[in-house]
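**Student:** Quick one: this structure, given as structure tokens, is what I'll be asking you about.
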Amino acid sequence: MTRLFINGMETEVPEGTSVLEAAQGLGVEIPTLCFHPGLSAYGACRLCVVEIGDLRSGPTRLVSACTYPVQEGLRVRTHSARLERARRMLIELLLSICPSSKRIQDLAAEYQVERVRFPVRDERCILCGLCVRMCAEQMMARAIGFAHRGYRRKVTTPFDLRSEVCRLCGGCLYVCPVCELRCQGPEAPDPVCGSCQAPTCLPAREGLPGAWGVTGNSSVQTKARRGR
Amino acid sequence: MKIRTGEQLLMLERELRMAHDHKPCVRVCGGTGCRARGSEDVLARFQELLERKELGGSIELKFTGCHGLCERGPLVSIAPSEIFYQSVEADDVAAIVEETLEHDRVIERLLASDPVTGTRVRREQELPFYRRQHRIVLRLNGVIDPTDIREYLAFGGYRALAKTLENLTPEEVIEIMERSGLRGRGGAGFPTGKKWRLARAAKGTTKYVVCNGDEGDPGAFMDRSLLEGNPHSVLEGMIIGAYAIGATRGIIYVREEYPLAVGTLQVALEQAREYGFLGKAIFGSPLSFDIEIVRGAGAFVAGEETALIAAVEGRVSEPRQRPPYPVERGVWGCPTVINNVETWANVPVIIERGPEWFASLGTATSKGTKIFSLVGKIRNTGLVEIPMGMTVRELVEEIGGGPPPSREIKAVQIGGPSGGCLPKDLFDLPIDYESLVEAGAMMGSGGLIVMDDRTCMVDVARYFMDFLRDESCGKCLPCREGTNRMYELLTRICEGRATESDLDLLEELAQVVKETSLCGLGQTASNPVLTTLRYFRPEYEAHVRERRCPAGVCKALIHYVIAADRCTGCLACVSPCPSQAITGQLKQPHVIDQSRCLKCGLCLEVCQFGAVEVV
């Protein structure tokens with residue numbers, strides 16, 4: 001067992017547990033979009049960043065709680081001012097690429113993100129990789145993966161072609177934190193499932209009518225502001 | 001022939017040196033820079049002439065690695081008189097053979113000149129460029145033929161390995177490395193001895209040593225030159241490292257874009273196997289070790305060690321969380337020591353000359369020397385090795401020779417795209433790991449780009465951000481989206497469309513990207529933005545408030561005009577203009593039609609009278 005302190009509370013967890021799971025065990029809620037208990041931790045959305053180290057003995061570091069293994073005597077803070085500031089910026093970035101997702105809008109409301117200062121580019125995907133891991137780890141299919149890198153990165157099938165190993169199970173849709181439409185059935189023309197246009201149901205081809213009819217708009221009204 | 005004992009090695013060394021000592025030797029630089037300027041032709045002409053004059057037996061001809069002074073290539077040095085010729089063309093070869101080799105006369109016009117006194121200089125060592133350097137790792141670069149192991153052996157090569165395997169225990173080797181104070185030359189500066197100790201203590205039957213040759217910084221070529229010029233020093237370091245940590249397998253990860261380095265390494269590995277330095281029972285000890293080459297497909301991020309491991313294993317090079325560190329779980333889950341090319345090349349020197357000697361070089365916390373590739377707006381671009389603690393000013397002005405005529409140096413960008421821009425006021429900063437980090441830059445792998453007064457710092461930050469948003473692996477949100485958004489903001493500033501609040505947003509975003517990114521790439525990606533904001537804020541403000549680019553670079557904010565009083569009407573600028581925007585009669589002041597001007601700057605370059613102005 002490993003002993004650690006989360007927000008000053010002492011807890012003991014089995015070796016190899018992640019900080020996120022240890023915190024959840026204590027009932028401390030850490031926001032996350034790319035973590036799923038049934039899949040390997042990935043550390044892509046960075047919303048679960050926590051502050052580790054002791055302020056009295058030196059500078060602290062921000063690490064993602066989902067991938068950071070517990071260490072003996074580790075001191076963790078989950079909601080410091082520094083973290084809130086960082087998370088607000090991350091949520092603003094998420095909103096600027098995925099403005100219509102309910103999950104992200106809810107997070108924005110929770111963290112009082114009231115405006116998006118970046119030009120909005122509706123990509124309907126936050127590249128959290130849940131679908132890719134679901135397909136590989138639970139469905140044993142590896143039908144989808146990441147292609148390209150940097151700002152060109154996207155989720156797709158090999159060579160953007162209809163995948164021969166995809167069983168149209170819809171597992172990718174099921175775990176997607178930003179996709180809220182269901183699969184249209186196996187007769188749909190798209191390579192994986194239907195035509196819901198979410199990037200997990202590949203490919204969200206240009207030119208096809210969008211399911212939500214949302215277009216890029218630099219003055220996105222977030223839930224927080226609308227609530228006032 | 002396999003070498004089994006240290007004694008055998010010494011005998012061979014003596015034999016080889018005897019064979020070399022009394023022969024004059026012509027060394028033609030075969031570094032990539034000199035090859036690009038035609039040193040292969042120079043070599044071929046030498047071969048042809050020496051053969052025709054039947055001098056082949058009495059004069060040795062070598063195609064060596066990089067000499068360093070790439071600016072003046074192709075370089076030729078002649079031993080034993082150490083005459084150093086620069087900018088040699090194939091047509092000069094006949095003169096060199098006849099005058100210098102046959103009649104021992106110096107050809108004045110091919111000599112380098114001292115930039116201060118203007119006198120012609122005969123030897124390399126008399127040039128300030130070389131005089132101020134301290135070449136430890138690069139000592140044999142430009143001296144030996146990298147494709148012949150006997151050359152390396154003649155200069156005491158593999159002696160450190162023999163000493164290690166015959167006289168030292170692995171613990172003693174690690175202790176020597178710790179005492180020497182050697183720190184990782186890849187940029188982060190982790191103590192090498194400590195890394196080795198952790199790897200030795202890690203549990204595992206198979207252990208790996210890896211050489212990180214994924215040098216991806218724009219304008220950096222230290223590792224490439226080392227691998228091309230002296231590959232055996234890297235191999236020797238790796239074998240010693242393998243012995244120290246108990247590794248049986250070695251991997252050199254080198255960029256596919258370095259075909260010359262890959263080729264040299266392949267030859268070097270074969271020859272090392274042939275002499276028994278790789279393989280089973282090296283020097284009769286129980287150590288069995290071999291090295292393979294893994295060629296990378298050119299992702300900048302693969303230089304990050306966890307991404308490098310992924311690439312070696314055949315996966316997409318994406319970093320992962322550390323811990324677990326590679327010394328615990330590295331390649332295929334085995335304990336792995338990953339060191340940079342330059343770090344490995346330092347190892348044999350430290351074993352050979354002792355940790356105390358090494359620790360006597362440099363500063364309190366940064367020992368030894370560091371190789372820099374000096375590029376940009378400077379007279380002597382090239383490869384330099386300096387002791388740690390030398391100031392930026394000494395490096396730029398004395399070794400680099402200062403700015404080109406009538407220019408002024410404004411800043412240096414140190415540490416590659418993740419490093420920072422240091423202004424002229426900070427040039428007295430000593431070059432060591434801590435001072436650089438404190439100033440907002442970092443040692444990085446050793447790229448040093450000099451910028452002059454015609455460089456716009458906002459444009460520089462934008463350039464690096466464009467590089468980083470492209471090279472980010474895209475796994476984590478702050479790095480992928482953050483660099484992309486920073487690039488958008490910087491573009492907006494460069495185009496004069498930004499507001500004051502954009503500057504604050506840029507700074508805020510840069511800070512968050514730095515704090516929350518997964519790996520070193522993202523964590524340092526903000527450095528170009530943060531340092532330029534810190535040291536060159538007035539330039540940003542001029543772009544935002546006055547819609548003006550003080551350096552005259554950002555196209556959206558500048559106009560080229562011709563000052564009528566200085567224009568002599570020579571027509572020189574009229575025909576080069578690609579858009580025919582310049583009109584004018586002979587001996588009448590010319591005029592630029594702003595609606596057609598592409599702002600390419602050609603007129604500014606060709607004008608002899610300083611009549612073209614940027615406003």
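**Student:** Determine, yes or no, whether A:I97 is in contact with an Asp or Glu (Cβ under 7 Å, 6 or more places away or on another chain) and crowded, with 22+ Cβ neighbours inside 10 Å. Step through it out loud before you land on a result.
**Tutor:** On the way: in contact with an Asp or Glu (Cβ under 7 Å, 6 or more places away or on another chain): yes; crowded, with 22+ Cβ neighbours inside 10 Å: yes.
Against the criterion (in contact with an Asp or Glu (Cβ under 7 Å, 6 or more places away or on another chain) and crowded, with 22+ Cβ neighbours inside 10 Å), A:I97 qualifies.
**Student:** Ok, one more. Which members of region A:15-57 meet the condition of being among the small types (G, A, S), facing chain B (nearest Cβ under 10 Å) and touching a residue at least 40 places away in the same chain (Cβ under 8 Å)? Full working, then the answer.
**Tutor:** Step one: list which residues in region A:15-57 are among the small types (G, A, S), which gives A:16, A:18, A:22-23, A:25, A:27, A:38, A:40-41, A:43-44, A:53, A:57.
Retained after the next criterion (residues that are facing chain B (nearest Cβ under 10 Å)): A:18, A:41, A:43-44.
Within region A:15-57, A:S18, A:A44 meet the criteria.
**Student:** B:E539 passes all but one of (1) farther than 30 Å from B:G440 by Cα; (2) in contact (Cβ under 8 Å) with a residue 60 or more places away in the chain; which number fails?
**Tutor:** That leaves (1) as the condition not met.
**Student:** Here are the criteria: (1) among the basic types (K, R); (2) crowded, with 19+ Cβ neighbours inside 10 Å; (3) assigned to a loop (DSSP other than H, G, I, E, B). Tell me which single one B:R135 does not satisfy.
**Tutor:** It is condition (2) that B:R135 fails.
**Student:** Starting from residues that are out of contact with any Leu (no Cβ under 8 Å at 6 or more places or on another chain) and more than 11 Å from chain B (Cβ to nearest Cβ), keep the ones in region A:60-94 and report whichever is surrounded by the most Cβ atoms within 10 Å (Cβ to Cβ).
**Tutor:** Residue satisfying both the conditions and the ranking: A:T78.
**Student:** Identify, from the list B:G181, B:G118, B:G156, B:G142, the residue that is surrounded by fewer than 20 Cβ atoms within 10 Å (Cβ to Cβ), of a type outside the set (A, V, I, L, M, F, W, C), in contact with a helix residue (DSSP H, G or I) (Cβ under 8 Å, 6 or more places away or on another chain) and on the phi > 0 side of the Ramachandran plot.
**Tutor:** On the way: B:G181 fails: surrounded by fewer than 20 Cβ atoms within 10 Å (Cβ to Cβ); B:G118 fails: in contact with a helix residue (DSSP H, G or I) (Cβ under 8 Å, 6 or more places away or on another chain); B:G142 fails: surrounded by fewer than 20 Cβ atoms within 10 Å (Cβ to Cβ).
Step by step, each of B:G181, B:G118, B:G156, B:G142 is checked, and only B:G156 is surrounded by fewer than 20 Cβ atoms within 10 Å (Cβ to Cβ), of a type outside the set (A, V, I, L, M, F, W, C), in contact with a helix residue (DSSP H, G or I) (Cβ under 8 Å, 6 or more places away or on another chain) and on the phi > 0 side of the Ramachandran plot.
**Student:** Within the group B:A268, B:A281, B:A299, which residue is farther than 27 Å from B:L10 by Cα and either without any contact (Cβ under 8 Å) to a residue 24 or more places away in the chain or of a type in the set (A, V, I, L, M, F, W, C) (or both)?
**Tutor:** Numbers: B:A268 fails: farther than 27 Å from B:L10 by Cα; B:A281 fails: farther than 27 Å from B:L10 by Cα.
Going through B:A268, B:A281, B:A299 in turn, just one is farther than 27 Å from B:L10 by Cα and either without any contact (Cβ under 8 Å) to a residue 24 or more places away in the chain or of a type in the set (A, V, I, L, M, F, W, C) (or both): B:A299.
**Student:** Could you pull out every one of the helices (runs of 4 or more DSSP H) wholly within region B:1-62 that has 3 or more residues that are under 16 Å from B:G142 (Cα atoms)?
**Tutor:** Working: elements: B:6-21, B:32-36, B:39-52.
Those helices (runs of 4 or more DSSP H) span B:32-36, B:39-52.
**Student:** Scanning for something modelled with pLDDT of 90 or more and within 11 Å of chain B (Cβ to nearest Cβ), does region A:97-105 turn up at least one residue?
**Tutor:** yes
Condition check ((1) in a strand (DSSP E or B); (2) out of contact with any Ser or Thr (no Cβ under 9 Å at 6 or more places or on another chain); (3) within 14 Å of another protein chain (Cβ to nearest Cβ)) across all residues:
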{"residue": "B:L395", "(1), (2), (3)": "no, yes, no"}
{"residue": "B:V412", "(1), (2), (3)": "yes, yes, no"}
{"residue": "B:C421", "(1), (2), (3)": "yes, no, no"}
{"residue": "B:D428", "(1), (2), (3)": "no, no, no"}
{"residue": "B:S435", "(1), (2), (3)": "no, no, no"}
{"residue": "B:M465", "(1), (2), (3)": "no, no, yes"}
{"residue": "B:R469", "(1), (2), (3)": "no, no, yes"}
{"residue": "B:M486", "(1), (2), (3)": "no, no, yes"}
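**Student:** Sticking with this structure for a sec: Output yes when any residue across region B:516-535 is facing chain A (nearest Cβ under 10 Å), of a type in the set (F, W, Y) and assigned to a helix (DSSP H, G or I), and no when none is.
**Tutor:** Looking for residues that are facing chain A (nearest Cβ under 10 Å), of a type in the set (F, W, Y) and assigned to a helix (DSSP H, G or I), one finds none in region B:516-535, hence no.
**Student:** Go through region B:163-174 and give me each residue that's out of contact with any helix residue (DSSP H, G or I) (no Cβ under 7 Å at 6 or more places or on another chain) and surrounded by 17 or more Cβ atoms within 10 Å (Cβ to Cβ). Steps first, please.
**Tutor:** Initially, region B:163-174 is screened for residues out of contact with any helix residue (DSSP H, G or I) (no Cβ under 7 Å at 6 or more places or on another chain), giving B:167-169, B:171-172.
The answer is B:L168, and nothing else.
**Student:** For region B:89-102, indicate whether the set of residues that are more than 30 Å from B:H232 (Cα to Cα), assigned to a loop (DSSP other than H, G, I, E, B) and either at pLDDT below 90 or polar (S, T, N, Q) (or both) is non-empty.
**Tutor:** Scanning region B:89-102 turns up no residue that is more than 30 Å from B:H232 (Cα to Cα), assigned to a loop (DSSP other than H, G, I, E, B) and either at pLDDT below 90 or polar (S, T, N, Q) (or both).
**Student:** Where residues in region B:542-554 are touching a residue at least 60 places away in the same chain (Cβ under 8 Å) and within 10 Å of B:C494 (Cα to Cα), which of them is surrounded by the fewest Cβ atoms within 10 Å (Cβ to Cβ)? Full working, then the answer.
**Tutor:** So the first thing to find is which residues in region B:542-554 are touching a residue at least 60 places away in the same chain (Cβ under 8 Å), and the list is B:543, B:549-554.
Narrowing further to those that are within 10 Å of B:C494 (Cα to Cα): B:543, B:549, B:553-554.
Values: B:H543: 28, B:C549: 22, B:V553: 19, B:C554: 22.
This residue is B:V553.
**Student:** Among A:A81, A:A65, A:A108, which is under 18 Å from B:E508 (Cβ atoms) and in contact (Cβ under 8 Å) with a residue 40 or more places away in the chain? Break it down into steps so the answer makes sense when it comes.
**Tutor:** On the way: A:A81 fails: in contact (Cβ under 8 Å) with a residue 40 or more places away in the chain; A:A65 fails: under 18 Å from B:E508 (Cβ atoms).
A:A108 is the lone residue from the list that is under 18 Å from B:E508 (Cβ atoms) and in contact (Cβ under 8 Å) with a residue 40 or more places away in the chain.
The values are calculated or read from the model by the stated rules, or taken from the named source; none is laboratory data. Because the structure is a prediction, the values reported are computed rather than measured. Using ideal geometry, Cβ is built from the backbone for each residue, glycine included, and neighbour counts are taken over all protein chains shown.
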